[in-house]
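Asker: What follows is a structure written as structure tokens; I'll ask about it next.
The values are calculated or read from the model by the stated rules, or taken from the named source; none is laboratory data. No experiment lies behind these values; they were computed from the predicted model shown. Neighbour counts are summed over all protein chains in view; Cβ atoms, including those assigned to glycine, are modelled from backbone coordinates with ideal geometry. We work out accessible area using only protein heavy atoms, side chains counted, and drop any ligands, DNA or RNA first. Shrake-Rupley method; radii C 1.70, N 1.55, O 1.52, S 1.80 Å.
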Amino acid sequence: MDVRKETPFCVADWQVDPASGRIGRHDNTVKLEPRVMDVLVYLAGRPGQVVTREELEAAVWGGRVISYDALTSTVQKLRKAFADNARQPRIIETLSKKGYRLVAPVHLVKGSSEAIQTPSTNSASARSLKRLSRRGVAALLAVGLVVTGTLLWIGPWKATDDTVAMESSPRSIAVLPFDNLSGDPEQEYFADGMTDDLITGLAKNSDLLVIARDSTFVYKDQLLDIRQVAENLNVRFILHGSVRRVGETVRINAQLIDASNNSHLWAESYDGQMNGIFHLQDEITKKIVSTLAVRVSTGERQDLGLPHTNNPEAYDKFLNGRQRFYLYAHKEENQKSRKLFQRAIEFDPKFALAYAMLAWTHAFDAMNGWSDRRDRSLKRAQELTTKAIELQQAIPVAYFVRGLAYRERGDYVKALVEAEKAIALDPNYANAHVLLATLLYYAGRPQEGLERIIKAMQINPHHPYNYTFHLGQAYFILERYNEAIETLEKGIASNPASERLHVWLAAAYAQAGEIEEAEWEVDQILMLNPDFSLQRIQQAFPFKDPTDLERLLDGLRIAGLSQ
């Protein structure tokens, strides 16, 4: 069926007007988020057909990295708007492990006069056009950052209020996920671990720009067009390869490609035993560094940031735990990764990086509200990172996690010191730049925070949604509300279930004078959390400058939140 965004249509006895973002029947009118409407339009164009999650994500999100819950939350909002029941669906049916199907009848509305009419239709259409304009600018910005050349840089740089002037580095590299050739899917974590460790080792070199793992793992299990990948990530060099592990024997194949002319600079195979795996990784890293003629000090050559353990069992548990942790999935997965890190430490009590990652699981518990005793979890994270640093000083993730714990406990000065230590050890550590950015704008230095978050997004072009959230915060604090709105809307498109994105977007709309949009965002907040309170917001964002916090609270009051 030829259902389009600009064409009114009916689903069962509901009229749908994509242009205004509304559905209605009788005297009941409901406004949908743009992304929720996009999903409805896509399903309505295929009534009765099973549409997979992958198909919907590709069509509606355009290949952008989104959380697993993004689509699920979007469909839930669609069901709520239609007053549909997931167990006895009249509109949308969920088919386990298959996808979704629009089971209600669909037909087009003939003539624009039959489109949904409400007292605010005209103003809603005007706002819709305004939003579409903003979204168009945002889309162009995203294309400019990701496809036509993410602005990556090395060395000193300056930023103005409107742009950040940078040039891509000729010494920029992306390490793509190594293929698992072991013939055993259970060894996938080992191949991913090799990739992670090579990224970590290369990132320690201050003269080499290395793309973060979040962005390179987007290309896992995909047919690769090396030139296109390099263009998307705005890098010149691509490292790719494979890992074959049989028992204690390991073979690593690696190839370094100059994407500017698609030439292979070198390709080699490395054979060894599990107890010598770090030597193999070190040889590959040094070969790349040497080939790219990057200056590397003797100290860096001796400590390339790889996990330090001579115990194969400890390393194996560590890799398995790290792969699970990086799913950022849910409380249970976090606990599974914690147990694996604990096992790694049992095999090698001096395994510093295992302590650091174990600490991160405790900090993550506290940050996500999974801990019954939040302060105890943060204290445990601090203890474990201190232990890690005692065992191995040059370990960026330990300083980063300790900085997270300090920030969550409200000790921003100590957190700032830890973030700067992490960046000094690893200039390409995108997460540490994000941490520093948040601390800067909490401390009343929002312009510097803005510059830092932009840098993090350049190092990690396919970044998780929280990067976009922090960018929107920085724009809000700088009173650049239109840019905050554009940015936060993009974040919600990737993760519509994020309460804090809706909170800041409601305040941005209110401060920009778009009251109806702000009130609608408040409805989304209360739907996600009926117990939401302004008091909790005051505790969650303790800015040094009280006017920054008051601007946020004032926006939320204008939007309709009174307590």
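Asker: How much length is gained on full extension from residue 417 to residue 108, taking 0.36 nm per residue of separation minus their Cα-Cα distance?
Answerer: 105.2 nm
Asker: For segment 169-241, which whole-number percentage of the solvent-accessible area (1.4 Å probe, protein heavy atoms only) is attributable to carbon and sulfur atoms?
Answerer: Here it works out to 46 percent.
Asker: Also, quick follow-up: So what J values fall out for segment 495-512 if you push phi through Karplus, 6.51 cos²θ - 1.76 cosθ + 1.60 with θ = phi - 60°, rounded to Hz, Gly and Pro as x?
Answerer: My calculation for segment 495-512 gives 9, x, 8, 7, 4, 5, 5, 5, 4, 6, 5, 4, 5, 5, 4, 4, 5, 8 Hz in order.
Asker: Just read off the accessible area of residue 481 with the full protein assembly in place, 1.4 Å probe, to the nearest 10 Å².
Answerer: 30
Asker: A further question on this structure: Along the Cα→Cβ direction, 7 angstrom out, place labels at residue 479 and residue 267. What is the inter-label distance in nm?
Answerer: Going by the 7 Å Cα→Cβ label model, 5.9 nm.
Asker: Short version: ³J(HN,Hα) in whole Hz for each residue of segment 402-412, in order, from phi by Karplus 6.51 cos²θ - 1.76 cosθ + 1.60 (θ = phi - 60°), x for Gly and Pro, what are they?
Answerer: 5, x, 4, 4, 4, 4, 5, 8, x, 9, 6
Asker: A further question on this structure: Quick one: pull the percent of accessible area on segment 330-462 belonging to carbon and sulfur, 1.4 Å probe, ligands and nucleic acids left out.
Answerer: 47
Asker: For the modelled label position 7 Å from the Cα of residue 80 along Cα-to-Cβ, which residues of segment 473-499 have backbone nitrogen atoms closer than 14 Å?
Answerer: Zone members listed by number: 496-499.
Asker: So what J values fall out for segment 427-435 if you push phi through Karplus, 6.51 cos²θ - 1.76 cosθ + 1.60 with θ = phi - 60°, rounded to Hz, Gly and Pro as x?
Answerer: x, 9, 7, 4, 4, 5, 5, 5, 4
Asker: Please express the Cα-Cα pair-distance distribution P(r) of segment 456-560 as a list of whole percents, one per 5 Å bin, running from 0 to the bin with the greatest distance.
Answerer: Going out from 0 Å in 5 Å bins, segment 456-560 shows 2, 14, 24, 26, 20, 9, 4, 0 percent.
Asker: Which whole-number percentage describes the relative contact order of segment 412-457, with Cα contacts under 8 Å and a sequence gap of 6 or more?
Answerer: 34
Asker: Separate question: When ranked by the protection proxy of mean other Cβ atoms within 10 Å per residue, highest first, what sequence do the peptides 410-421, 77-88 form?
Answerer: Ranked by mean Cβ neighbours within 10 Å, highest first: 410-421, 77-88.
Asker: At 1.4 Å probe size, with no ligands or nucleic acids counted, give the accessible surface of residue 355 in Å², nearest ten.
Answerer: 30
Asker: I would also like to ask the following. On a 1.4 Å probe surface of the protein chains, which of 544, 336 comes out largest in accessible area, and what is the full order?
Answerer: 544, 336
Asker: Please give the solvent-accessible surface of residue 260 in Å², to the nearest 10, using a probe radius of 1.4 Å with every protein chain present.
Answerer: So the heavy atoms of residue 260 present about 80 Å² to solvent.
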